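Chemist: For reference, the structure I am asking about is given below.
Read the figures in this text as sums done on the coordinates, not as results from a lab. Remember, it's a predicted structure, so these values are computed and weren't measured experimentally. Positions of Cβ are backbone-derived with ideal geometry, glycine not excepted, and every protein chain shown enters the neighbour counts.
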Amino acid sequence: MNFIQGIAYNFRGLFLGVKTPKLLFWGLLRFCIVILITIMAASLILIHHQDILGVIWAKPASYWVLWLWHLTSWLLSLCLVGLSTVVSYLISQVLFSVAIMDHMSRITEMIIRGEATDAVGASVFRSFAYLVGQEIPRTIVPVILSILLMIVGWLTPFGPVVAILSSAVAAIFLAWDNTDLIAARQLIPFTTRFRFLLGSLPFHLGFGLPLLIPGLNILLLSFAPVGAAMYNVERRRKAQGLRHEAQGTGR
């Protein structure tokens, strides 16, 4: 059930973001930033495509082998464009997106519960610096490790299995990068937040899987903080309701 809820919250966030002018503006801004950086990175890589291919394999003189060289060239182009997409996402995430994500999360909290959650006694600069720092263990390291596992996995007989597992890991951490925004803003220790992730893996897998769909993922990533904030607010309300119910029963 938590798996289905994860998928549902992702698309609920997208729908709320599209119909709310402030969220739509910031979501589209993040979308444009990722697209712009991706185009710049892909263009830079493709300009030097022949040089990169020349280092890997010099153009053969034999016409019998030339077709294989052209096939390798096309495959290399696809791989480089895919790599540039990942790198562009990580760069935009650290430089721009985390601030936009946090702002979208705050707007969503204001819409649902009337106020945004902040750390008690923490300055805006400290909270933002902490959020940026959390991108390293929360997104950058897991995504890079997933890609490396996928590459290594295809060199072994267990390639398909490793590819599925590495994709699942990437999906979980991409989802956590959004659901962890409010907790990180409150300066809750990393170990506490990581234990929460381990206790809600099915939900995060469901939330993160749509973020792996090529093309659609850039749009969903742009509005993922909205669905994640909705999940956090509603989960907190449910927990408070259970506590009140338990206290009432205790009396």
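Chemist: List, in order, the whole-Hz ³J(HN,Hα) value for each residue of the range 149-160 obtained from phi through the Karplus relation with A = 6.51, B = -1.76, C = 1.60 and θ = phi - 60°; use x for Gly and Pro.
Modeler: Once rounded to whole Hz, the list reads 4, 5, 5, 5, x, 6, 8, 10, x, 9, x, x.
Chemist: Using θ = phi - 60° and the Karplus curve 6.51 cos²θ - 1.76 cosθ + 1.60, what whole-Hz ³J(HN,Hα) does each residue of the range 34-47 get, with Gly and Pro shown as x?
Modeler: Couplings: 4, 4, 4, 5, 5, 4, 5, 5, 5, 5, 4, 5, 5, 4 Hz.
Chemist: Return the tail of the calculated pair distribution for the range 75-201, meaning the percent of Cα-Cα pairs more than 20 Å apart.
Modeler: 52
Chemist: Taking the mean number of other Cβ atoms within 10 Å as a proxy for protection, how do you rank 204-217, 16-29, 150-163 from highest to lowest?
Modeler: Averaged packing, sorted descending, gives the order 204-217, 16-29, 150-163.
Chemist: Okay, moving on. Give, rounded to the nearest 20 debye, the magnitude of the charge dipole that the range 2-250 has about its Cα centre when Lys and Arg contribute +1 at Cβ and Asp and Glu contribute -1 at Cβ.
Modeler: Charge dipole, the range 2-250, about its Cα centre: 520 debye, nearest 20.
Chemist: Additional query: Quick check on the range 2-250: what are the equivalent-ellipsoid semi-axes from the Cα gyration tensor, as sqrt(5λ), descending, whole Å?
Modeler: Working through the eigenvalues yields semi-axes of 40, 20, 16 Å.
Chemist: I need the phi-derived Karplus couplings for the range 19-31: 6.51 cos²θ - 1.76 cosθ + 1.60, θ = phi - 60°, integer Hz, Gly and Pro marked x.
Modeler: Running phi through 6.51 cos²θ - 1.76 cosθ + 1.60 with θ = phi - 60° gives 8, 10, x, 5, 5, 4, 4, 5, x, 5, 5, 5, 4 Hz.
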